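Peer 1: Supplied in structure tokens, the structure appears directly below.
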């Protein structure tokens, strides 16, 4: 498995270096110009229905496409104090969904407390799970914990075959992921009538766009059932974002300009109107506020007069804030659109 | 190095409409209809196109349909089999003409 960008002292570990690359003209218009040319105003939030908490960058995997640059050596991790501030902000609102991500969010010492508290507040909790974390020593009861709190599991699995999955996520990850999925299925996850939602995430294993969501979901359902007897609810296609380790791959493989051109050519105004940042607030491990997890990794905090830290959370102001955009936003507006909940069209 | 084929020329395909707009538009509409989901899925049609691209040895088509196959969810194993199908048909087409050779030879020979 590869190392994180930051541990290799790669210049891409500095957000401003990534922004400089993304901001340079690559034969495509700036994202904001593309919006304007399509007759769309600058993006603004239209409420907040998802309270997404990134609890840190620690992960037991080092996937090649990771926009977080997460890995075993990362130490950024949300404290109890910040987790309490998140819960305090959440409690002031009626935001129905809490989406917990990382890194491997389950490795944060406050993950279970955060989940219990959000569940007690009557909110729907989602866990963005890399699957292999369920097999780690010390996490033997994790699947039971998730089921007990009716947590929706959003699990990464880029393909139904080992070669492709391991090429993106590391050697041996596919076999472990299948074992983890079997454990979840055994608890009722992904089974009709259980109410325990198990949704998979498909990321392309390379510099190309994802397939149509419905088509690849049908293929995954057929193949995972046939090959491994595994069931799941939905499959979400997510476009790889030209950030951090995926940006490094694009540059090193000579695919950067072609990929950005592909994203820009596939710009879809309807997808732009449905981007997830318009109904999401993203909170970083240190309590900073962002329009999305991608902006978070580029260190682009909320702006245009909106609060920038969870301790100053102001629902009314944030729910109508202007979104901070850049050329990486082409990743969410290409084709059928892309979001943490899959295609948006 | 000068060559007849340039990858960036693929993006100029639509310039063929400048010579005859009506025919280009008819071709484009037909092309889009052919590759739309029908009795065959878009994924299956892209795999067929990839095989044909190799049979006609069109580098533009190979470039475009390799990407299309990946973007429709196919994997390299499936795509390799599609190329072998093209190869088998091309090779078989040569070999089956050996029957003509045998017919002629039988006629001419004592």
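The values are calculated or read from the model by the stated rules, or taken from the named source; none is laboratory data. From a predicted model like this one, the values you see are computed outputs, not experimental measurements. Here the Cβ is made from the backbone with ideal geometry for all residues, glycine too, and neighbour counts use every protein chain on show.
Peer 1: Is it true that some residue in segment A:176-192 is surrounded by fewer than 22 Cβ atoms within 10 Å (Cβ to Cβ) and at pLDDT below 95?
Peer 2: Yes, some residue in segment A:176-192 is surrounded by fewer than 22 Cβ atoms within 10 Å (Cβ to Cβ) and at pLDDT below 95.
Peer 1: Filter segment A:182-205 down to residues that are assigned to a loop (DSSP other than H, G, I, E, B), over 15 Å from residue A:161 (Cα atoms) and in contact (Cβ under 8 Å) with a residue 40 or more places away in the chain and give me whichever is nearest to the other protein chains (Cβ to nearest Cβ).
Peer 2: Among them, the one singled out is A:190.
Peer 1: Determine, yes or no, whether residue A:344 is modelled with pLDDT under 95 and either closer than 23 Å to residue A:53 by Cα or in contact with a helix residue (DSSP H, G or I) (Cβ under 9 Å, 6 or more places away or on another chain) (or both). It would help to see each step written out before you state the result.
Peer 2: Working: modelled with pLDDT under 95: yes; either closer than 23 Å to residue A:53 by Cα or in contact with a helix residue (DSSP H, G or I) (Cβ under 9 Å, 6 or more places away or on another chain) (or both): yes.
Taking the combined requirement at face value, the residue satisfies it.
Peer 1: Looking only at segment A:68-94, count every residue that is outside any loop (DSSP other than H, G, I, E, B), touching a strand residue (DSSP E or B) at 6+ places or on another chain (Cβ under 7 Å) and within 20 Å of residue A:15 (Cα to Cα) and tell me the total. So that I can check it myself, show each step before the final result.
Peer 2: Step one: filter segment A:68-94 for residues outside any loop (DSSP other than H, G, I, E, B), giving A:71, A:77, A:80-91.
Still in the running and touching a strand residue (DSSP E or B) at 6+ places or on another chain (Cβ under 7 Å): A:77, A:86, A:90.
Applying the additional criterion that residues be within 20 Å of residue A:15 (Cα to Cα) yields A:77.
The qualifying residues number 1.
Peer 1: Please specify each residue of segment A:215-230 satisfying the condition of being surrounded by 14 or more Cβ atoms within 10 Å (Cβ to Cβ) and either within 12 Å of another protein chain (Cβ to nearest Cβ) or closer than 21 Å to residue A:265 by Cβ (or both).
Peer 2: A:215, A:216, A:217, A:218, A:219, A:220, A:223
Peer 1: What's the total number of residues in segment B:60-77 that are at the interface with another protein chain (Cβ under 10 Å from one of its Cβ atoms), part of a helix (DSSP H, G or I) and either within 17 Å of residue A:159 (Cα to Cα) or touching a helix residue (DSSP H, G or I) at 6+ places or on another chain (Cβ under 6 Å) (or both)?
Peer 2: Count: 7.
Peer 1: Can you tell me how many residues in segment B:25-49 are away from chain A (no Cβ under 14 Å) and either within 21 Å of residue B:11 (Cβ to Cβ) or assigned to a helix (DSSP H, G or I) (or both)?
Peer 2: The number of residues fulfilling the criteria is 12.
Peer 1: Only one of these is loosely packed, with under 15 Cβ neighbours inside 10 Å, without any contact (Cβ under 8 Å) to a residue 60 or more places away in the chain, more than 13 Å from every other protein chain (Cβ to nearest Cβ) and assigned to a loop (DSSP other than H, G, I, E, B): B:100, B:57. Name it. Please lay out each step first, then the result.
Peer 2: Working: B:100 fails: assigned to a loop (DSSP other than H, G, I, E, B).
After ruling out the rest, the residue left standing is B:57.
Peer 1: If I filter segment A:137-165 down to residues being surrounded by fewer than 20 Cβ atoms within 10 Å (Cβ to Cβ), without any contact (Cβ under 8 Å) to a residue 40 or more places away in the chain and assigned to a helix (DSSP H, G or I), which single residue comes out as farthest from the other protein chains (Cβ to nearest Cβ)?
Peer 2: Here the answer is A:148.
Peer 1: A further question on this structure: Which condition breaks for residue A:241 when tested against (1) within 23 Å of residue A:66 (Cβ to Cβ); (2) within 14 Å of chain B (Cβ to nearest Cβ)?
Peer 2: (2)
Peer 1: Answer yes if at least one residue in segment A:45-66 is in contact with a strand residue (DSSP E or B) (Cβ under 9 Å, 6 or more places away or on another chain) and part of a helix (DSSP H, G or I), and no otherwise.
Peer 2: No: segment A:45-66 contains no residue that is in contact with a strand residue (DSSP E or B) (Cβ under 9 Å, 6 or more places away or on another chain) and part of a helix (DSSP H, G or I).
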